[in-house]
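Every number here is computed from the coordinates shown, using simple stated rules; none is lab data. Predicted model only: the values in this text are computed from it and were never measured. For neighbour counting, all protein chains shown are included, and Cβ atoms are generated from backbone atoms with ideal geometry for every residue, glycine included.
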Amino acid sequence: MQKKSKKLNIGEGKISGALSIFFSLISLGAVACFLFPEYLTTQDFRINYPLEVFRWLVFACLVFSFVFALLSFLLSKSIKMASLGMFISALAILLGGAGIEIKEFEQSLFSISLDWMLLEILVFSIVFIPIELFLPKRPEQTKFHPEWKTDLVYLFKAQLLIQYTAVAVKQPAELFFSGIGTEALQNSISSLPFMLQLFLAMFVADLFQYWIHRLFHGNSFLWRFHSIHHSIKYVDWISGSRLHLVDIFITRSISYIPLYILGFATDVFYVYVVFVSVQAVMAHANTSISFGFLKYCLVTPQYHHWHHSKDSKTHNKNFAIHFPFIDKLFGTYYLPNHEWPHEMGLINESFPSGYFRQQIYPFTHDPKSAQPNNPSTR
């Protein structure tokens, strides 16, 4: 039997402290985007932003941060988390808060998509936290884990790198493959209707992602990095972000580069990047929503949870992230009617607790044979 993770209970002040820190970080990140848009925002999307709406969102996040910090002060014997939340929010206000103005700037050659990371995390939290609270598949599964700080680091990092990798591989891919004679094919694909392009982009990316995913499972060295993701015992919407840096860069690059080579339109590519972020989070969600016939067309929580099952016979099943029919094509499809796996995680592999220790561990230890001193209970 797997060791149960100690719950963070409502009324102790820890949950409200964590929420205060969460909203304060969103606020500070948003203010940073207003201060340095040339470095921290996505140029292609920036021109369409409803800035006044965003200002109200920053204001709301600051208010929530202070409210939850006050609640944590009242409920908790420790003031560390509430103090940290208030400090970060105060820093965001000192830097300009919701009323900060955007100065004239020139777009830099290098930028990261911090804006999209913040928007995605905020929207995902608003959507998936209520779904897991009110429509959970495993009601007994703890909603608030002691390793929440590690989860938060993984969440911010993963969403940022998904967007960053999309931008980072674009120019090298276009330069390296510009002279291979694919101009006619690229023109043909970019002239297709938007929805057809989006479907083809999802299929191509999923096909390449499928095989690199299988390679991470089949190669013992690469498995060291990917097994961090499979070591999770409590699969939920936020656990999908628990990925090693090596895993993210290789998998995302292999998925994105074919889309550049084939010449999919820019707007199709960016819509795909948003879609893959949403589906990756949704596929890990702890929800009883059945999705009806859609579960045979798109990867859903039931389908992907079998990939995370503790039963080793399903570890090499359901590699696709978008379309189950890709697993059908290559003999790795597994969806037993309405059944769900009983336990999640791995039998032999284990990792230490803490984000940085988990990132370093696969380089120095084989998770199958080594035993960390302070193993993760997540």
* Structure fact -> Taking a straight Cα-to-Cα line shorter than 14 Å from K368, and setting aside same-chain aspartates and glutamates fewer than 8 residues away, one finds E349
* Structure fact -> Rounded to the nearest 500, the 222 nm mean residue ellipticity computed for the chain from DSSP H runs (n ≥ 4, each -39500 (n - 2.57)) alone is -19000 deg cm²/dmol
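What percent do you get for the relative contact order of the chain when only Cα pairs under 8 Å and 6+ apart count?
Numbers: 549 pairs, mean separation 63.6, N = 378.
In percent, rounded to a whole number, it is 17.
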* To do: In Å³ and rounded to a whole number, note down the convex hull volume per residue for the Cα atoms of the range 1-111.
  => 150
* Structure fact -> In nanometres, the difference between 0.36 nm per residue of separation and the alpha-carbon distance of Y49 and L192 is 48.8 nm
* Using the C-alpha gyration tensor of the chain, what are the square roots of 5 times its eigenvalues, in whole angstrom, with the largest one first? -> 32, 30, 19
* Rg and Dmax of the range 325-378, Cα atoms, in Å? -> 16.1, 43
* Putting +1 on Lys and Arg Cβ atoms and -1 on Asp and Glu Cβ atoms, find which of S24, F68, Y260 reaches farthest to the positive end of the dipole of the chain. => F68
* To do: Sorted from largest down, give the three principal axis spans of the alpha carbons of the range 209-250, whole angstrom values.
  => 25, 17, 17
* To do: List the residues whose amide H sits under 5 Å from the amide H of W237, counting only those 5 or more places along or on another chain, with H placed 1.01 Å from N in the peptide plane.
  => N286
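List the DSSP H helices in the chain whose Cα atoms stretch 27 Å or more along the helix axis and whose mean Kyte-Doolittle hydropathy is at least -0.5. Numbers along the way, then the final one.
On the way: long enough: 14-35 (31 Å, 1.88); 51-75 (36 Å, 2.23); 114-134 (30 Å, 2.00); 148-168 (29 Å, 0.62); 194-218 (36 Å, 1.00); 266-284 (28 Å, 1.38).
Span-like helices, by this rule, are 14-35, 51-75, 114-134, 148-168, 194-218, 266-284.
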* Structure fact -> Mean projected area (nm²) from the convex hull of Cα positions in the range 205-336 is 8.1
* To do: Give the cross-link partners of K14 among the aspartates and glutamates, using a straight C-alpha distance below 18 Å as the criterion and excluding same-chain residues fewer than 8 apart.
  => E147, D151
